[in-house]
Amino acid sequence: DWRSGRGEGGARGEMASCEPLKMKLLKCISESACAERGGSQRECVQAEDIPEECKALRNIFIECRRAPMDNRNRLRGNKYAEEANK
């Protein structure tokens, strides 16, 4: 269904393909010192004192979400989502 973002094609379908990256990022953030101090996930994602692994996942997730809007990626596919599914 196109409204849920779980269908084939289109920007929503592409962003749903970033879901595994999102789950990895949230797991990384929830295990960080920021979360242990009681910070919300939103605060911790934006914090600079998160582990380097979380920062890398955050950057990859941002690129994954941005990729469907790049016309060059429409033909090639979303490489960030493909890497997350490996």
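Values in this text are rule-based calculations from the coordinates and carry no lab data. Quick caveat, the model's predicted, so the values are computed rather than measured. Counting neighbours? That spans all protein chains shown, and the Cβs are built from the backbone with ideal geometry, glycine included.
Key figures
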quantity	calculated
Distance (nanometres) between label positions extended 7 Å along Cα→Cβ at I62 and A33	2.2
Cα gyration tensor shape of segment 29-73, rounded if a/c is under 1.5, else prolate or oblate by comparing a/b with b/c	prolate
Long-range HN-HN contacts of E31 with modeled amide H, under 5 Å	none
Segment 14-56, relative contact order [Cα under 8 Å, separation at least 6], %	36
Additional length obtainable on full extension of the chain from S40 to E53, 0.36 nm per residue less Cα span	2.8 nm
